[in-house]
1. For the range 68-88, what are the residues that are under 14 Å from the mean Cα position of the chain (by Cα) and either within 18 Å of Val123 (Cβ to Cβ) or aliphatic (A, V, I, L, M) (or both)?
2. Residue by residue through the range 97-107, note down the ones that are of a type outside the set (Val, Ile, Thr) and either farther than 12 Å from Cys68 by Cα or in contact with a Cys (Cβ under 7 Å, 6 or more places away or on another chain) (or both).
3. Can you find a residue that is modelled with pLDDT of 95 or more, more than 21 Å from Asp25 (Cβ to Cβ) and hydroxyl-bearing (Ser, Thr, Tyr) anywhere in the range 73-91?
4. From Asn105, Asn53, grab the single residue that is in contact with a strand residue (DSSP E or B) (Cβ under 8 Å, 6 or more places away or on another chain) and free of Cβ contacts under 8 Å to residues at least 40 places away in the same chain.
5. Tally time: how many residues in the range 86-95 are surrounded by 14 or more Cβ atoms within 10 Å (Cβ to Cβ) and closer than 16 Å to Leu59 by Cβ?
6. Restricting the search to the range 96-132, which residues are closer than 22 Å to Val43 by Cβ and exposed (fewer than 12 other Cβ atoms within 10 Å of the Cβ)?
7. Of the conditions (1) assigned to a strand (DSSP E or B); (2) among the polar types (S, T, N, Q); (3) farther than 17 Å from Val29 by Cα, Asn143 clears all except one; give me its number.
Amino acid sequence: MKKVFLLTSAFIFSLAVLAQPKADDVLKVNTEKYEFGKIKQGVPVTTYLELKNLGNMPLVIENVTASCGCTTPEKPKEPIMPGQTYKLKVDYNAAAMGSFVKDVNIKIAGIELPKVVKIAGEVISAEAYDAYTKEKEKEKVKNNGKSGK
């Protein structure tokens, strides 16, 4: 009898866990991972993630955090109304050189697990960045010449 009760309880509990809403049920983000590309060291960059309320009730963002202090997302002050979008500002300070992937955690009221969006890129020295942008400009001019423009 104890085994039946235990199995029944486990089954009911697992159904309750599955029935809880998930962030993706009420929130759509325009990207799962935003790629900054190459960034000059010491020059902060910003992107705006577009959040859309897919539900039929106002969406309250309780908190927006990042996986480190180098990334600063701004929490919406007001709820996002049904069908509406909000542009979530995310700054990256570009202080440390090298490749990076950082998490932006969007905690929604009434939903246990946050929606996680990644930002990524590569911070390079000022000299390397200048050479990179000059090379990109040369490629752009070269490609425009090939297309007959």
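The values are calculated or read from the model by the stated rules, or taken from the named source; none is laboratory data. Remember, it's a predicted structure, so these values are computed and weren't measured experimentally. So basically every Cβ, Gly included, is an ideal-geometry build from the backbone, and we count neighbours across all protein chains shown.
1. Listed by number, the residues that qualify are Cys68, Thr71, Thr72, Leu88.
2. Hits for the range 97-107 are Met97, Gly98, Ser99, Lys102, Lys107.
3. no
4. None of the other options fit; the residue is Asn53.
5. Number satisfying all stated conditions: 2.
6. Hits for the range 96-132 are Ala96, Gly98, Ser99, Val101, Ala126, Glu127.
7. (1)
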